[in-house]
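Below is one structure, written out as structure tokens; comments come after it.
The values are calculated or read from the model by the stated rules, or taken from the named source; none is laboratory data. Quantities reported herein were computed from a predicted structural model and do not represent experimental measurements. Because the Cβ atoms are built from the backbone with ideal geometry, glycine has one as well, and the counts that use them run over all protein chains shown. Surface areas here come from the heavy atoms of the whole protein model, side chains and all, with no ligands, DNA or RNA. Shrake-Rupley method; radii C 1.70, N 1.55, O 1.52, S 1.80 Å.
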Amino acid sequence: MDETSNNDNIIEQVTTSEYKYGFFTDIETDFAPVGLNEDIIRFISAKKEEPEWMLEFRLKAFRHWQTLEEPNWAHLNYPKINYQDIIYYAAPKKKKQLASLDEVDPELLDTFNKLGISLEEQKMLSGVAVDAVIDSVSVKTTFQDTLAKHGIIFCSFSEAVRNHPDLVRKYMGMVVPYTDNFFAALNSAVFSDGSFCYIPEGVRCPLELSTYFRINAANTGQFERTLIVADKGSYVSYLEGCTAPQRDENQLHAAIVEIIAMDHAEVKYSTVQNWYPGDKEGQGGVYNFVTKRGLCKGVSSKISWTQVETGSAITWKYPSCILQGDNSIGEFYSVAVTNNFQQADTGTKMVHIGKNTRSTIVSKGISAGRSNNSYRGLVRILPRATNARNFSQCDSLLLGDKCGAHTFPYIEAKNETSIIEHEATTSKISEDQLFYCRQRGIDTEKAIGLIVNGYAKEVLNKLPMEFAVEAQKLLAITLEGSVG
Amino acid sequence: MNNSPSIPLEQLLVDQFRAGENKLMAHDSDKVKAIRKEHFQRFLDNGFPSSEMEKWRFTDLEEILDQPFIHELTPEKPPQNIHDIFRCEVHNFQSEIISVFNGWYLSEKTGLQTNSEGVVYGSLSDAKKVMPELFDRFFGQAAHGNDNSFVNINTAMAQDGVFIYVPKGVQAKRTLQIIKMVNHEDPVFVQSRQLVILEENSSLSLIHCDDSINHKPCLINTVTEIYVASNAHLELYKLQNLNNSSALINSTFIRQQEDSAVKTNALTFNCGLIRNNIEVALNGKGAHADVLGLYLMDKQQHIDNQIRVLHNAAHCTSNELFKGILDDEATAVFNGYIYVKKDAQKTEAFQNNKNILLKPTATINSMPFLEIYADDVKCSHGATVGQLDQEAMFYLRQRGISQANARLLLMYAFAADVINAISIEGLRNRIDDMVKKRLRGELSVCETCVLHCGTPEKEYFFDIDLSKL
Amino acid sequence: MLLNIKNLHVEIAGKQILKGLNLGINKGEVHAIMGPNGTGKSTLAAAITGRDGYEITEGEIWYKDINILDKSPDERANMGIFLSFQYPVEIPGVSMTNFMRTALNAKREFNGLPPIAAGEFLKLMEEKKKLVEIHSKLTNRSVNEGFSGGEKKRNEIFQMAMLEPAMAILDETDSGLDIDALRVVANGVNQLRTTENAFLVITHYQRLLDYIVPDFVHVLFDGRIIKTGGKNLALELEAKGYEWIKEQHLV
């Protein structure tokens, strides 16, 4: 698997690697030809046995996408992507089946052990055939029974298109219309699959919708689409991603996540992203262009984003909140770590429309190696948003003198009763702190891990317990070798 | 030069340059000619900036540029009573006045003059002839004009302006004050250029006033290049008090060498539209810059402060503070940008932008950016938008102070730390008065003249004059 | 009667805090309001001084035979009502001198007097500062900015001395004061007592009342005055605690 990273042309990997390894030689009809045109869209839609309206949506999105240009305002630098040189349908993507863990990259196994991942899980994550005991199907069934009892719909996006067309048609594109941006249009045209979640009125989802995801999310493909609707007075906590590193060879990811919260509803969305960041020389790695947005549609609704971003070569991601309902609340808690040659341009947008709306932004950027880490955030107060409040705290920590840490906040206030406060600091780990730890016998690497975790604590505390622990370990691993 | 007013300004300037290229550059060296031509080409390629450009997103010049401007390429004859008119609001304190009328240097004497303290100054066109080596060495070096074609067209075509040279070791005690007046019956496009050079161990304090005399529209495009050699000290105060039909595009580029110190303070009291592009490059170890600003806007006024502080060397410090009070339908843009170059270790850079909105119709867009490539740095920035502190408001009112006066007091207090940073006492007192007047709405209400030359000075003790309210 | 509060009901954000409070204060009197935390003591001060957000749903406040409920905070202040704040706010950029002069002249203007001359004003400042043993340098600073807790409270009494109110309300003036500062503050207040003015002392503890001896002590509980007595009531409360009075009330 590692050979691919030697290839200079990153895009080429995507298109050629599949043949090289012969992942799909046995099911020829399961992937589309290289390139993107209306026929490909029709092919995807037909493959997924979609109704006519879904195809129409995809085609409209595609036609719009053709009129757009790839954005270049982010503080990111990567070779130009040839969108005609990508396979847009090769799903469900299966990993090469390995006979035993002996065949797995030892570096990956080492990481698994550090994360404390069980042997069974290690096998599953690295593509080794797994026993029937933790077969995902059985686990899935157990969860689905519990959820069904509460009337919660939680299924793949394709299933939702088939089984809940009214809900999908009503809400899909409400928060992120296909016209929103280049990558959103692309996703709307070619999205492979994703998740759909509907929490009925007054229901408090009894599970973190995460364990399920952890087992099944790995194969949702490169153009994921997630739609979460929380009806009046409901609550759900949703965790996307996986703390274990995925050797995902998909180069380009352009996902969409839409959240809609009705009156008094609350959605907590947590992400731990640890996709392949490329090797130490900056070769390979995932390009992650994500449009995530939540709409606080109802009064007193609340959407809270928590993200721990440690992976991907390129991250372009701004989980946002549109605070439309009066008294609604938006939150964004982020830790973004970049090492080696990683580049991240991430942050949030808080758009205050309703009265008494509140937003909080806490962003902790950590840069190491030769990486560049940018916070980019918008706080916009519209004229009707009387008494809107925002507090933003964006801190950057630099490890080493070859990396960059940047902060680009945008504040637009059009209501005189609003109060906006933005604070940011940039600093490095203090020699005093390091020495103190070392004097107590903690080696430099561990000490950095310790200090960085302390620095990021405010955000990590927002994660569900189980993942907070793993995220902490992940931070330490990501920064390994960052200080010589 | 015959101008047909119906030609769009952009076309007019291009035509003028092409027709008069040789005459425009008659006294320029080959080096300067090449610079001018290159900038002209860039203006030709880009035209005036549009609000589709990221850096001009919130400042739309379309309406302003639509006006039938005229642009003179030869000096105009100033009116008879010019010296009566030539008073900035800030007068009555020890300063040596340099007058610029509609962009042209105004003096009975020709050539450069050296004042009693050893500071050399005069018109830019004379400097070119008298000190050609110095002129060639510095002209167009700092003013790069990236993202800003106003700098390009100024570099290509500006004919006159002010030249100031402070030789090695000269520590000027007296403040130099450039007063720039615009007075024209027709909408006029004015370009002027300043070149200020401080040699090693020298010091200078400079006030740069932009004033209008009438209520006619104008578009002023001014570019200032300032070179501060090692261990030199500069204080630069910009006072902007123009009428509501005026637009001012001010671009100031400051280059600092080792252990130099610069303090700039941009005080904006009135103008239809102002764009301040201020760039301070700390190129030598141990340099320090204070970059301050205050803007008090009302009606439909617009201010856009684009402030760049570039830490290109290690051990430099900078402190940036911009404060604004926005009333009525005024809009303000603040885009601060601190750049710390790789290896510019031990940098300390601070940036702060604070705004008060007084009316629901006022708007602020604040973008305090940091771009940092060195790790051993202390950088922070902050931005706030809010209204007057309601706790403080009640406290004042409980002590019997009326709402209107409490509001004035708090606004004045908000502005105080920018005003208090003015180290020339006479100037500070004058600015203090001006801010008070401005907050009471007296500075822009005068019907015939924005300068209130006829209004006798009011007595101020240490408080806001309550009798007026 | 100088201040006459009748059946006062006050709500904050829809929550009822005062529920029918009656209180009459004559010139020359010192009244103490005591009571456990959260019973409405500070709300009473806010209602008398006209703070925003305190909604009077029922009742009246008469001061010098004028119903002051429709008066603005500054009008009430100029009529002679002074509040010594529990937490005096810091106002950066506004110098004490400028602030005091503005306040004093507002009051003079209200009373039809010309503004005070600069020299006279400075003399007055010097004189009043001595009263609360305040350092000269404090008045050169911004209002309350960087003042210690004790300095802030002294500054409140200093302002009271400058403005010479007829009705002074001291809201928890003793909180955060050590014994020396408390003595200084109380001493200042006592020197300002005349037959023409009155004081309303809001306090949680009896301690302050050792120094500022009240004519009447009222116990505020659950939005009403449930017991009124002489200065000995405060001692009794100190000894027996508020539980004692609550029990009595509930019976």
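Tabulated data
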read-out: Evaluation of C:Glu127 against (1) over 17 Å from B:Ala413 (Cα atoms); (2) facing another protein chain (nearest Cβ under 7 Å) (one fails), failing number; value: (2)
read-out: Answer from B:Ala374, B:Ala314, B:Ala332 - the residue that is outside any strand (DSSP E or B) and either among the polar types (S, T, N, Q) or buried (at least 24 other Cβ atoms within 10 Å of the Cβ) (or both); value: B:Ala374
read-out: Hey, B:Tyr373 among the hydroxyl-bearing types (Ser, Thr, Tyr) and within 14 Å of chain A (Cβ to nearest Cβ) or not; value: yes
read-out: Criterion violated by A:Ile256 - all others in (1) among the β-branched types (Val, Ile, Thr); (2) closer than 21 Å to A:Tyr178 by Cβ; (3) open to solvent by 10 Å² or more (accessible area, probe 1.4 Å) satisfied; value: (3)
read-out: The stretch C:48-76, subset touching a residue at least 40 places away in the same chain (Cβ under 8 Å) and within 10 Å of another protein chain (Cβ to nearest Cβ), residue nearest to B:Asn405 (Cα to Cα); value: C:Thr49
read-out: Filtered residue count, the stretch A:318-341, keeping only those that are open to solvent by less than 10 Å² (accessible area, probe 1.4 Å) and part of a loop (DSSP other than H, G, I, E, B); value: 4
read-out: Any hit, the stretch B:398-406, residues being charged (D, E, K, R) and assigned to a helix (DSSP H, G or I); value: no
read-out: Selection from the stretch A:272-296 of residues that are among the hydrophobic types (A, V, I, L, M, F, W, C), in contact with a Gly (Cβ under 8 Å, 6 or more places away or on another chain) and more than 17 Å from A:Glu224 (Cα to Cα); value: A:Cys296
read-out: Residue satisfying all of: in the stretch A:392-447; part of a helix (DSSP H, G or I) and in contact with a helix residue (DSSP H, G or I) (Cβ under 7 Å, 6 or more places away or on another chain); least open to solvent (accessible area, probe 1.4 Å) among these; value: A:Ala447
read-out: Options B:Ser203, B:Ser212: the member that is small (Gly, Ala, Ser) and modelled with pLDDT of 95 or more; value: B:Ser203
read-out: Count - residues of the stretch A:166-191 that are over 22 Å from A:Ile322 (Cβ atoms) and either exposed (fewer than 15 other Cβ atoms within 10 Å of the Cβ) or touching a Ser or Thr at 6+ places or on another chain (Cβ under 7 Å) (or both); value: 1
read-out: Answer residue from the stretch B:377-402, given it is at pLDDT below 90 and more than 7 Å from every other protein chain (Cβ to nearest Cβ) and is most open to solvent (accessible area, probe 1.4 Å) among those; value: B:Gln390
read-out: Restricting the stretch C:130-164 to residues that are on the phi > 0 side of the Ramachandran plot and open to solvent by 10 Å² or more (accessible area, probe 1.4 Å), the residue that is farthest from the other protein chains (Cβ to nearest Cβ); value: C:Glu133
read-out: Every residue from the stretch A:347-362 that is part of a strand (DSSP E or B) and open to solvent by 10 Å² or more (accessible area, probe 1.4 Å); value: A:Lys349, A:Val351, A:Arg358, A:Thr360
read-out: Condition met for A:Ala90 (under 30 Å from A:Asn163 (Cβ atoms) and at pLDDT below 65); value: yes
read-out: Qualifying positions in the stretch C:86-124 - under 24 Å from C:Lys27 (Cβ atoms), more than 7 Å from chain B (Cβ to nearest Cβ) and open to solvent by less than 20 Å² (accessible area, probe 1.4 Å); value: C:Leu104
read-out: Condition broken by A:Leu397, with the remaining ones in (1) in contact with a Lys or Arg (Cβ under 8 Å, 6 or more places away or on another chain); (2) within 7 Å of another protein chain (Cβ to nearest Cβ); (3) over 30 Å from B:Leu326 (Cβ atoms) satisfied; value: (2)
read-out: Helices (runs of 4 or more DSSP H) fully within the stretch C:172-251 counting 1 or more residues that are buried (at least 20 other Cβ atoms within 10 Å of the Cβ) and modelled with pLDDT of 85 or more; value: C:179-192, C:207-211, C:231-240
read-out: Subset tally (residues that are over 14 Å from C:Asn4 (Cα atoms) and either open to solvent by less than 60 Å² (accessible area, probe 1.4 Å) or outside any helix (DSSP H, G or I) (or both)) for the stretch C:31-75; value: 27
read-out: Residues within the stretch B:403-435 that are closer than 27 Å to C:Ala161 by Cβ and either of a type in the set (A, V, I, L, M) or open to solvent by 40 Å² or more (accessible area, probe 1.4 Å) (or both), tallied; value: 9
read-out: Test: residue in the stretch B:100-119 that is aliphatic (A, V, I, L, M), over 29 Å from B:Leu310 (Cα atoms), touching a Lys or Arg at 6+ places or on another chain (Cβ under 7 Å) and not in a helix (DSSP H, G or I); value: yes
read-out: Filter result for A:Glu470 (buried (at least 16 other Cβ atoms within 10 Å of the Cβ) and facing chain B (nearest Cβ under 9 Å)); value: no
read-out: Evaluation of C:Glu133 against (1) assigned to a loop (DSSP other than H, G, I, E, B); (2) touching a strand residue (DSSP E or B) at 6+ places or on another chain (Cβ under 6 Å); (3) of a type in the set (D, E, K, R) (one fails), failing number; value: (2)
read-out: Only one of B:Glu10, B:Glu21 that is in a helix (DSSP H, G or I), in contact (Cβ under 8 Å) with a residue 40 or more places away in the chain and either open to solvent by less than 50 Å² (accessible area, probe 1.4 Å) or more than 12 Å from B:Gly140 (Cβ to Cβ) (or both); value: B:Glu10
read-out: Hey, B:Lys346 at positive phi and open to solvent by 50 Å² or more (accessible area, probe 1.4 Å) or not; value: yes
read-out: Answer residue from the stretch B:351-364, given it is closer than 19 Å to B:Phe414 by Cα and either within 8 Å of another protein chain (Cβ to nearest Cβ) or among the hydrophobic types (A, V, I, L, M, F, W, C) (or both) and is surrounded by the fewest Cβ atoms within 10 Å (Cβ to Cβ) among those; value: B:Lys359
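For (1) more than 14 Å from chain B (Cβ to nearest Cβ); (2) at pLDDT below 60; (3) in contact with a helix residue (DSSP H, G or I) (Cβ under 6 Å, 6 or more places away or on another chain), each residue gets a yes or a no:
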| position | (1), (2), (3) |
| --- | --- |
| A:Thr29 | yes, yes, no |
| A:Pro33 | yes, no, no |
| A:Lys47 | yes, no, no |
| A:Pro51 | yes, no, no |
| A:Asn72 | no, no, no |
| A:Asn77 | no, no, no |
| A:Asp85 | yes, no, yes |
| A:Leu115 | yes, yes, yes |
